[in-house]
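Here's the structure, in structure tokens; my notes come after.
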Amino acid sequence: MELRHLKHFLVVADLKHFHRAALELNLAQPSLSRSIQKMEDLLGAKLLERTSRSVTLTPFGEVVVEHGSRIVRDVEYLKREIKAIQGLETGELMVGASAIPLNSIVGPSIGQFINTFPNVNVELKVGNWLSLYQKLCKAEVSLFIAETKATELDLRDDIEVIPLPSFQAVFCCRAGHPLTDKPQVTLDDIKQYPIAIPSALPKPLFVQFGDLFSKYRDDFSGLVKFEQFQAIKESLTECDLVALAPDISIVREVESQSLVELPVMDIPDIKASFSIVYLKNRRLTPAAKAFIDFINPEPLAISVN
């Protein structure tokens, strides 16, 4: 069986339509049909049920999709590793980040990295910690930066974690917000206003705030969940919204006095523990190693074998 046959089959399985798959692959439909037939002959099993409008996978076809996707992914990763061995002049960096470290940590580092290694192809992917972990396992990113303690990523046996400096979780609001007139603020005071929190806020942290984020409390005033804090920062300056975020994410706004960090007396002592995450059993490329040097202020010994 040739790899191209497997790739053809996976496209048909994904689109569930021979004509659309042929267009996607830039193949004549008869050629695509022969490719699939070749696979079925070699495996001795029918992989697809065909109708005039679509195709469906047989149980054999589902098995081929499961294993074939991994085979194609591993071959692509093999190509990238071979290319990486040639050095940073022709390397490739695929890095992921959750929303807050994307702007506060990864963004500035990407700029420095590109200036130093202009020939490295950089691909940046954004998502929550779970989607990034899944991309890491599929070799769609070489490493990612996300919260690792509250998410318990640091407890997984299959990954390596390089901790970055932690940041304090704070409540913030616009300058001139009614709460800024109070010398000290409580969580009960915050309940009077709509609140914005990260959509991926881990449950252990959620619980520490009691019923503050509950829509079922009698004095509920509104709750906004965000993936990208940048959009919320724009909203904060226009209304009485109060947001929970790591202090690093509002440094510039506090300095410019467009936002204010609220002195909340009874806020739980919560720190955002962002880390660099990569797989233990996968070799780090020279580009990935070099990028880690840009975002890790205290370089650690990293195995690349």
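Only the coordinates and a few stated rules stand behind these numbers; no lab work does. None of these values were measured; they are calculated from a predicted model. Note that we place each Cβ from the backbone using ideal geometry, even for glycine, and neighbour counts take in every protein chain shown.
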The range 3-84 -> Rg/Rh from Cα coords, Kirkwood Rh, value 1.00
Relative contact order of the chain (C-alpha contacts under 8 Å, at least 6 apart) in percent is 21
Within the range 139-218, DSSP-loop GluC sites (Glu not before Pro) with at most 13 other C-beta atoms within 10 Å are 152
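What ranking of 74, 247, 218 emerges when the number of other C-beta atoms within 10 Å of each C-beta is taken as an exposure proxy, fewest first? List each step's numbers first, then the result.
Details: 74 11, 247 16, 218 6.
Starting with the residue having the fewest Cβ neighbours, the order is 218, 74, 247.
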Toy charge model, Lys and Arg Cβ at +1, Asp and Glu Cβ at -1: the chain dipole around Cα centroid in debye, rounded to 20, equals 1440
Read-out Rg/Rh (Cα atoms, Kirkwood Rh), candidates (i) 1.09; (ii) 0.98; (iii) 0.95; calculated match is (i)
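List 57, 132 from most exposed to least, where exposure is judged by having the fewest other Cβ atoms within 10 Å. Each step should come with its number before you reach the end.
Details: 57 17, 132 24.
Final ranking by Cβ density, sparse to dense: 57, 132.
Please figure out what share of the DSSP beta bridges in the chain is antiparallel and state it in percent, rounded to the nearest 5. List each step's numbers first, then the result.
On the way: 21 of 37 bridges.
Of those bridges, close to 55 percent are antiparallel.
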Partner lysines whose C-alpha sits under 27 Å from that of residue 215, ignoring same-chain residues fewer than 8 away, are 149, 182, 191, 203, 225, 233, 271
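In the range 177-234, which trypsin sites (Lys or Arg not before Pro) fall in coil by DSSP and have 12 or fewer other Cβ atoms within 10 Å? The partial results should precede the final answer.
Working: sites: 191, 215, 217, 225, 233; in loops: 191, 215, 217.
The qualifying sites are 215, 217.
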Percent antiparallel among DSSP beta bridges confined to the range 167-272, rounded to 5, stands at 55
Relative to the compact-globule estimate 2.2 N^0.38 Å (N residues), the Cα gyration radius of the range 167-272 stands at a ratio of 0.98
Among 251, 51, 169, the residue whose Cα sits farthest towards the positive end of the charge dipole of the chain (+1 at Cβ of Lys and Arg, -1 at Cβ of Asp and Glu, taken about the Cα centre) is 51
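From the helices alone, meaning DSSP H stretches of at least four residues, give me the mean residue ellipticity at 222 nm for the chain, per-run term -39500 (n - 2.57), in deg cm²/dmol to the nearest 500. The partial results should precede the final answer.
Numbers: 11 runs with 116 residues, N = 305.
After summing the helix terms and dividing by residue count, I get -11500 deg cm²/dmol.
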